[in-house]
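**Student:** To start, I am sharing the structure in question, which I have written as structure tokens.
The values are calculated or read from the model by the stated rules, or taken from the named source; none is laboratory data. Just so we're clear, the structure is a prediction, and the values are computed from it rather than from any experiment. We place every Cβ from the backbone using ideal geometry, glycine too, and count neighbours over all the protein chains shown. We work out accessible area using only protein heavy atoms, side chains counted, and drop any ligands, DNA or RNA first. Shrake-Rupley method; radii C 1.70, N 1.55, O 1.52, S 1.80 Å.
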Amino acid sequence: MTFRSSSIPPGVLTVGAVTFTVFAWASAFVSIRSAGAAYSPGALALGRLLAASVVLVALLLISRQGLPPREAWRGILVSGVVWFCGYTVVLNWGERLVDAGTASLLVNIGPILMALLAARLLGEALPPRLLVGMAVSFAGAVVVGLSMSSGDGGSTSVLGVVLCLLAAVAYATGVIAQKPALSYGTPLQVTTFSCLTGAVACLPFTGQLFAELPEAPMSATLNMLYLGVVPTALAFTTWTYALARMPAGKLGATTYAVPAIVVLLSWALLGEVPAWLTFVGGALCLAGVAVSRYTPRARRTPTEDSPLGAGRS
């Protein structure tokens, strides 16, 4: 049976793209923590981006989409250097110093910065519900900070916290740079050439990658390849698909669901048990997502409920 995407409502496709992205990016924090034991931050970033580039270029050739228009290149280059390269290297470094769950919660200050930058630079609105949702989720991040200072479980360092916050800035900046590019190029074009740009920017780490590759256990190398294929090649494409159809601030708020998933995955797969306050912070992050995404149904008027009111546009 042939399945046509046109039979699926665009809203459903967008929700599906966001859901896949959130779960894929959550798994990335766990894979980075695992692979980071064998690969240095720069080498892991380069290996991840090279693997992603191979998949993305193949998809681009199959779809015959070609080069993006000239107008898209500014956003592609900034996003590639700042987000694909800078964010990846800094996050890899940060996750050597803090556990996966804590790193994800710190990085998720990014959507707050994203919404503010989108309002300032892209002219996007800041609806009250989005502001309230961001405030609730930010409170969750503060709770996580309190859990770290309490010494009740988890592991962290001041440098690790700073690196994760720097990654959040790079994340927000990259998304805001990428948004205008999607007005000219397709999601696959923008993702592919941003990834290629990031890979080129990471080429100074080539020597480290080739030196560490023979010594790394197979599990670490497989995690690096997984990072390239799923959280990067596929998830960044679904992200750009959703970004082309949603305001950057509203889409960014959905990633507040990532930390709660990361905490559960790192607990199950890495044996990293966060502090109890971390769980409270994760619940607040999820509550913030729910508030920011909630859209009340408009009340139906008596005219709309009557037969004469039906069918009006």
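**Student:** Identify, from the list TRP267, TRP276, the residue that is open to solvent by 10 Å² or more (accessible area, probe 1.4 Å), more than 16 Å from ALA26 (Cα to Cα) and modelled with pLDDT of 70 or more.
**Tutor:** TRP276
**Student:** Considering each residue of the stretch 180-235, count those that are in a loop (DSSP other than H, G, I, E, B) and among the small types (Gly, Ala, Ser), and give that number.
**Tutor:** Total meeting the criteria: 3.
**Student:** Next question. Can you tell me which residue within the stretch 87-116, out of those that are touching a Leu at 6+ places or on another chain (Cβ under 8 Å) and within 24 Å of THR197 (Cα to Cα), is most open to solvent (accessible area, probe 1.4 Å)?
**Tutor:** TRP93
**Student:** Of the residues GLY133, GLY140, GLY145, which single one is modelled with pLDDT under 70, farther than 15 Å from TYR171 by Cβ and either part of a helix (DSSP H, G or I) or open to solvent by 60 Å² or more (accessible area, probe 1.4 Å) (or both)?
**Tutor:** GLY145
**Student:** Can you confirm whether the stretch 99-122 contains a residue that is of a type in the set (Lys, Arg), at pLDDT below 80 and farther than 30 Å from LEU61 by Cβ?
**Tutor:** Within the stretch 99-122 (the criterion being of a type in the set (Lys, Arg), at pLDDT below 80 and farther than 30 Å from LEU61 by Cβ), the answer is yes, since at least one residue qualifies.
**Student:** What number of residues in the stretch 63-86 are in contact with a helix residue (DSSP H, G or I) (Cβ under 9 Å, 6 or more places away or on another chain) and either at pLDDT below 90 or open to solvent by 30 Å² or more (accessible area, probe 1.4 Å) (or both)?
**Tutor:** So the answer is 12.
**Student:** Can you spot a residue in the stretch 37-48 that is open to solvent by less than 10 Å² (accessible area, probe 1.4 Å) and not in a helix (DSSP H, G or I)?
**Tutor:** yes
**Student:** Please indicate, with yes or no, whether at least one residue in the stretch 19-34 is part of a helix (DSSP H, G or I), farther than 24 Å from ASP99 by Cβ and in contact (Cβ under 8 Å) with a residue 24 or more places away in the chain.
**Tutor:** Yes - at least one qualifying residue is present in the stretch 19-34.
**Student:** Regarding the stretch 6-13, can at least one residue be identified that is surrounded by 15 or more Cβ atoms within 10 Å (Cβ to Cβ) and modelled with pLDDT under 85? I'd like the intermediate steps shown before the answer.
**Tutor:** At the first step, the residues of the stretch 6-13 found to be surrounded by 15 or more Cβ atoms within 10 Å (Cβ to Cβ) are 13.
Filter again for modelled with pLDDT under 85, leaving 13.
Yes, because at least one residue in the stretch 6-13 is surrounded by 15 or more Cβ atoms within 10 Å (Cβ to Cβ) and modelled with pLDDT under 85.
Yes or no, residue by residue, for (1) crowded, with 20+ Cβ neighbours inside 10 Å; (2) hydroxyl-bearing (Ser, Thr, Tyr); (3) under 29 Å from GLU71 (Cα atoms):
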position	(1), (2), (3)
SER183	no, yes, yes
VAL190	yes, no, yes
LEU209	yes, no, no
MET224	yes, no, no
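**Student:** Next up: Taking the stretch 50-70 as the region of interest, how many residues are assigned to a helix (DSSP H, G or I), over 21 Å from the mean Cα position of the chain (by Cα) and more than 16 Å from THR197 (Cβ to Cβ)?
**Tutor:** Going through the stretch 50-70 one residue at a time, the tally reaches 4.
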